[in-house]
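Computed from the coordinates by the stated procedures, all read-outs in this text should not be read as laboratory data. Since the structure is predicted, the reported quantities are computational estimates derived from the model, not experimental observations. Note: ideal-geometry Cβ built from the backbone for every residue, glycine included; neighbour counts use all protein chains shown.
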Amino acid sequence: MCFGVFLTSVIGAIVLLFQALLLAHDGLSTLGANMVSMAIGGPLTGYAIYRLLKNTQVNIYLTVFLVTATADLVTNIITSFELALAY
């Protein structure tokens, strides 16, 4: 909502790279899958919902809730599809 899709995806990719290298969380082998679900899928969905509800009569607090809830839900759905394809 604040930065847009492109910048959020770039920031998400940097954060996931630091997480893989410095924190040893999932490592580099799952970096691509993490980037697809957390740095691309979630921000795209959240920004789409924000753009749909921005100029409507929907309260801003409800808009923020719907943006974050759908972005989180889509991130988890993409991750579950990735895990289903892996196994």
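Structure above, values below:
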quantity: In the stretch 1-54, the residues that are of a type in the set (D, E, K, R) and on the phi > 0 side of the Ramachandran plot; calculated: Asp26
quantity: Qualifying residue in the stretch 54-71 (condition: of a type in the set (Lys, Arg) and assigned to a helix (DSSP H, G or I)); calculated: no
quantity: Residue in the stretch 58-72 that is surrounded by fewer than 17 Cβ atoms within 10 Å (Cβ to Cβ), within 15 Å of Phe3 (Cα to Cα) and of a type in the set (Gly, Ala, Ser) present; calculated: no
quantity: Looking only at the stretch 1-42, and only at residues there that are within 22 Å of Ala86 (Cβ to Cβ), more than 11 Å from the chain's Cα centre (by Cα) and of a type in the set (Gly, Ala, Ser), the one that is surrounded by the most Cβ atoms within 10 Å (Cβ to Cβ); calculated: Ala20
quantity: Test: Thr45 is under 9 Å from the mean Cα position of the chain (by Cα) and either touching a residue at least 60 places away in the same chain (Cβ under 8 Å) or not in a loop (DSSP other than H, G, I, E, B) (or both); calculated: yes
